[in-house]
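What follows is a set of notes on a single structure, which appears directly below.
Rule-based calculations on the coordinates, nothing more; no lab input. Just so it is clear, the structure is predicted and the values come from calculations on it, not from any experiment. Here Cβ is always computed from backbone atoms with ideal geometry, including for glycine, and neighbour counts include all displayed protein chains.
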Amino acid sequence: MPGKFVIKKGPTGKFRFSLVSTNGQIVASSQAYENKAAAMRGVASVQKLAADARIVDLTVAAAAPAAKPAAKPAAKKPAAKKPAAKKPAAKKPAAKKPAAKKPAAKRPAAKKK
């Protein structure tokens, strides 16, 4: 026994259809249509398009095209090194101020000869 399309008129006065499986579960629901004739055209459209519809699975990453192998293996470049993170400079102790100079002791003047 195949599934069936069920057409209903909703509380807003608009028509919708559902595709119901053989076990009674709703497989698909339509948009709201202004009149019954438009809902019937929607059913006919689904019947026509679904028979030959293809599956587009967006949950699988697209396969990358296979690249041709190179004639010569490419030389490996060394990995670029990341610059080392700069550490904050250590604080230098404050420079000591030179001690105040004491006046030099007076020397006795040399005697002339």
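One residue stands out among those in the stretch 46-56 that are over 16 Å from K8 (Cβ atoms) and either assigned to a helix (DSSP H, G or I) or among the aliphatic types (A, V, I, L, M) (or both): the one that is nearest to the chain's Cα centre (by Cα), which is V56. Residues that are in a strand (DSSP E or B), of a type outside the set (S, T, N, Q) and surrounded by fewer than 16 Cβ atoms within 10 Å (Cβ to Cβ) within the stretch 21-45 comprise I26, V27, A28, listed in sequence order.
Out of the stretch 20-54, which residues are touching a Ser or Thr at 6+ places or on another chain (Cβ under 9 Å) and not β-branched (V, I, T)? Before the answer, list the steps.
Initial filter on the stretch 20-54 (touching a Ser or Thr at 6+ places or on another chain (Cβ under 9 Å)): 26-30, 32, 39, 42-43, 46.
Listed by number, the residues that qualify are A28, S29, S30, A32, A39, G42.
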